[in-house]
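What follows is calculated from the coordinates using simple rules that are stated; it is not laboratory data. Please read these numbers as outputs of a predicted model, since none were measured by experiment. Cβ: placed from backbone, ideal geometry, glycine included. Neighbour counts: every protein chain shown.
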Amino acid sequence: MTGRQAADAASAALAAGRGRQARVMALTSGKGGVGKTVLAVNLAAALAQRGERVLVLDADLGLANLDVLLNLSSKITLHDVFTGKAKLEQALLAAPGGFTALLAGSGLVEYSRLTPELRSQLLEVIEAVRPRFDRVLLDTGAGISEVVLYTVSLADEVLVVATPEPTSLTDAYATIKVLATQQQRTRIRLVVNQAHHAGEGRAIRGQLQQVADRYVSNGTDVPLKLELLGDVPADPAVREAVQKRQLLLETYPGASAAQAIMVIAGRLTEA
């Protein structure tokens with residue numbers, strides 16, 4: 001696809017609203033290195049295969065890497081939209097896999113803290129794209145900084161990505177606790193990435209739910225429910241696709257991790 005074709009496709013996505021609001025899902029994690037962004041882009045491709053119009057917004061504003069994973073090059077990013085140097089339509093890119101991407105800048109220290117201006121800008125962008133897509137995936141930064149938590153608060157639903165490693169699970173629990181107590185979340189979805197064996201995700205979800213039931217209160221009459229969307233097995237094909245800067249679903253569609261992501265997409269569309 002040429003640069004001109006990509007621009008035309010992205011503009012069409014923004015202009016062709018379907019008369020309903022997109023579901024906004026924040027993909028977040030307690031720590032970095034759990035494969036959250038890789039999951040986000042491949043999940044977007046899987047949802048696009050199921051007929052959805054999907055936007056992936058790189059909400060890791062100061063440490064963006066969506067462009068690297070997708071092998072995209074754009075001189076216009078979300079930073080340019082925020083500063084008034086470009087219009088939102090110009091920042092939307094047609095990505096491999098049939099979805100649209102909105103890239104963020106990298107190495108921008110001004111996005112390390114949440115200012116009133118940043119609050120307003122993020123809200124305005126998300127509200128502007130809602131009518132134009134079926135689903136918007138917010139690929140947030142890791143951790144529980146103010147910027148991450150505010151970005152997650154703008155989403156209809158949250159997907160926490162964790163790996164079976166003890167540090168990842170500890171940080172995932174901390175994230176879940178903060179989201180429940182500060183945002184009164186009654187349902188948080190979970191994907192266990194890099195699972196070592198079948199059923200590991202189900203066991204981890206059970207452990208996290210047990211601890212949450214005992215120690216987490218969301219301040220509502222509805223108890224917090226952790227919903228396992230699925231586990232993605234550890235698969236060398238993922239690393240190979242990342243090194244090639246290609247989508248796993250396009251490069252190795254038969255890989256076990258790719259098939260697991262397709263199952264997760266199916267569960268999302270059927271929910």
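Scanning the range 58-83 for residues that are closer than 21 Å to residue 127 by Cβ, charged (D, E, K, R) and not in a helix (DSSP H, G or I) turns up 58, 60. Per the listing 86, 45, the residue uniquely surrounded by 24 or more Cβ atoms within 10 Å (Cβ to Cβ) and either in contact with a helix residue (DSSP H, G or I) (Cβ under 9 Å, 6 or more places away or on another chain) or in a loop (DSSP other than H, G, I, E, B) (or both) is 45. When the range 145-174 is filtered for residues that are under 19 Å from residue 186 (Cβ atoms) and of a type outside the set (Asp, Glu), the ones remaining, listed by number, are 149, 152, 153, 154, 155, 158, 159, 160, 172, 173, 174.
Among the residues making up the range 31-55, those that are within 18 Å of residue 132 (Cα to Cα) and among the small types (Gly, Ala, Ser) are 44, 45, 48, 51. In the range 135-213, counting only strands (runs of 3 or more DSSP E) that sit wholly within it, none holds 1 or more residues that are loosely packed, with under 14 Cβ neighbours inside 10 Å and touching a Gly at 6+ places or on another chain (Cβ under 8 Å).
Within the range 99-123, the residues that satisfy the criterion of being assigned to a helix (DSSP H, G or I) and touching a Leu at 6+ places or on another chain (Cβ under 9 Å) are 110, 111, 118, 121, 122, 123. For the range 89-115, what are the residues that are buried (at least 16 other Cβ atoms within 10 Å of the Cβ) and of a type in the set (Asp, Glu)? Once the filter is applied, which keeps residues that are buried (at least 16 other Cβ atoms within 10 Å of the Cβ) and of a type in the set (Asp, Glu), the range 89-115 yields only 89.
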